[in-house]
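Read through the structure below, which is laid out as structure tokens, and then see the notes.
The values are calculated or read from the model by the stated rules, or taken from the named source; none is laboratory data. Note that the structure is a prediction, hence the values are computed from the model and not measured. Methodologically, a virtual Cβ is constructed for each residue, glycine included, from the backbone with ideal geometry; neighbour enumeration extends over all protein chains shown.
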Amino acid sequence: MIGYVKSYHAALLAAALAAASISGCGVETKGVGVKSTFLASDITGAAFGRDFNLNDHTGKTRTLADFKGKVVVVFFGYINCPDVCPTTLGELSETMKKLGKDAERVQVLFVTIDPERDTPERLGKYLSSFNSSFLGLTGDDQSIKKVTEEFKVAYRQQAGGTAEQHDMDHSIGTYIFDAAGKLRLYVSNGKDSEVFPHDIAALLKGR
């Protein structure tokens, strides 16, 4: 059930943020009455989502260091997702248009949670329908499990589904890194569509 996975993911994320604060390397806090620069959740200093090691849809091995100097947007999903995934990718596509020339300093990464069906070829074709610069990331089951654990992402195949035809329940949210490769923001599902262009533009300005 999507609701179950979303609740599980929220619990994981909350626990991770709490642990970061307790350990002293926690999330940036805002003083009372001080307005945040960002519309999304500021998770600067969170001790998760530190890196990944996956193949992009062109076959090249990728880590976060490959995109240093760019704001990096990471979203987990799958091609057959009927609603949230295409909606989020559509919003990110519109964001790139709004950013104009600055879009060259932004990299959107779509990490599949369904690598068996989401082949590199399918990922490339799917993402190009949104923006030609978007990259799909994939790997074997173990690699996907490792990166989802690192990013506190919950997912599972729906009971009764087959390898060829099934739906995936998965947590919903988008992670944004600044140009120095630091995880800064978490955009929860249902946020206003202006969150992406506003916050990415702020990070591009060095906020």
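Annotation: residue 69 fulfils all but one of (1) assigned to a loop (DSSP other than H, G, I, E, B); (2) buried (at least 17 other Cβ atoms within 10 Å of the Cβ); the unmet one is (2). Check whether at least one residue in segment 122-130 is within 20 Å of residue 193 (Cα to Cα) and not aliphatic (A, V, I, L, M), and report yes or no. Scanning segment 122-130 turns up at least one residue that is within 20 Å of residue 193 (Cα to Cα) and not aliphatic (A, V, I, L, M). Taking first residues from segment 94-114 that are over 14 Å from residue 138 (Cα atoms) and partners that are basic (Lys, Arg), the Cβ contacts under 7 Å between residues at least 6 apart in sequence or on separate chains come to 105/70; 106/70; 107/70. Summed over segment 160-207, residues that are in contact with a Ser or Thr (Cβ under 6 Å, 6 or more places away or on another chain) and either at pLDDT 90 or above or buried (at least 17 other Cβ atoms within 10 Å of the Cβ) (or both) total 7.
Against the definition (within 23 Å of residue 186 (Cβ to Cβ) and part of a strand (DSSP E or B)), how does residue 153 come out, yes or no?
On the way: within 23 Å of residue 186 (Cβ to Cβ): yes; part of a strand (DSSP E or B): no.
No: the conditions fail for residue 153.
Annotation: residue 23 fulfils all but one of (1) buried (at least 17 other Cβ atoms within 10 Å of the Cβ); (2) small (Gly, Ala, Ser); (3) modelled with pLDDT under 95; the unmet one is (1).
Scanning segment 113-134 for residues that are at pLDDT 95 or above and surrounded by fewer than 21 Cβ atoms within 10 Å (Cβ to Cβ) yields a count of 12. Apart from one condition, residue 158 fits all of (1) of a type outside the set (D, E, K, R); (2) within 24 Å of residue 199 (Cα to Cα); (3) more than 17 Å from the chain's Cα centre (by Cα); the exception is (2).
Can you say whether residue 108 is in a loop (DSSP other than H, G, I, E, B), under 15 Å from the mean Cα position of the chain (by Cα) and either on the phi < 0 side of the Ramachandran plot or among the hydroxyl-bearing types (Ser, Thr, Tyr) (or both), as far as the supplied structure shows? Judged against the criteria, residue 108 is not a match.
A quick yes/no check of all residues on (1) of a type in the set (D, E, K, R); (2) farther than 18 Å from residue 72 by Cα:
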residue: 129; (1), (2): no, yes
residue: 142; (1), (2): no, yes
residue: 147; (1), (2): no, no
residue: 158; (1), (2): no, yes
residue: 167; (1), (2): yes, yes
residue: 174; (1), (2): no, no
residue: 183; (1), (2): no, no
residue: 187; (1), (2): no, no
residue: 194; (1), (2): yes, no
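Could you go through segment 85-102 and let me know if any residue there is farther than 23 Å from residue 202 by Cα, assigned to a helix (DSSP H, G or I) and among the polar types (S, T, N, Q). Walk me through it before giving the result.
Within segment 85-102, the first condition is being farther than 23 Å from residue 202 by Cα, and the residues that meet it are 85-86.
Now drop any that are not assigned to a helix (DSSP H, G or I), which leaves 85-86.
From what's left, among the polar types (S, T, N, Q): none.
Within segment 85-102, none of the residues are farther than 23 Å from residue 202 by Cα, assigned to a helix (DSSP H, G or I) and among the polar types (S, T, N, Q).
For the subset of segment 138-159 comprising residues that are out of contact with any helix residue (DSSP H, G or I) (no Cβ under 8 Å at 6 or more places or on another chain) and aliphatic (A, V, I, L, M), which member is surrounded by the most Cβ atoms within 10 Å (Cβ to Cβ)? Going through the qualifying residues, I end up with 144.
Figure legend. Inter-residue proximity from segment 28-45: first residues farther than 15 Å from residue 151 by Cα and at pLDDT below 90, second residues in a loop (DSSP other than H, G, I, E, B) and small (Gly, Ala, Ser), beta-carbon distance below 8 Å, spacing 6+ or different chains. Indicated pairs: 28/45; 30/36. Under the condition of being outside any helix (DSSP H, G or I), among the hydroxyl-bearing types (Ser, Thr, Tyr) and within 17 Å of residue 74 (Cα to Cα), the residues counted in segment 111-127 number 1.
Table: residues versus (1) more than 20 Å from residue 183 (Cα to Cα); (2) polar (S, T, N, Q); (3) in contact with a helix residue (DSSP H, G or I) (Cβ under 6 Å, 6 or more places away or on another chain).
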{"site": "62", "(1), (2), (3)": "no, no, no"}
{"site": "66", "(1), (2), (3)": "no, no, no"}
{"site": "71", "(1), (2), (3)": "no, no, yes"}
{"site": "90", "(1), (2), (3)": "yes, no, no"}
{"site": "129", "(1), (2), (3)": "yes, yes, no"}
{"site": "134", "(1), (2), (3)": "no, no, yes"}
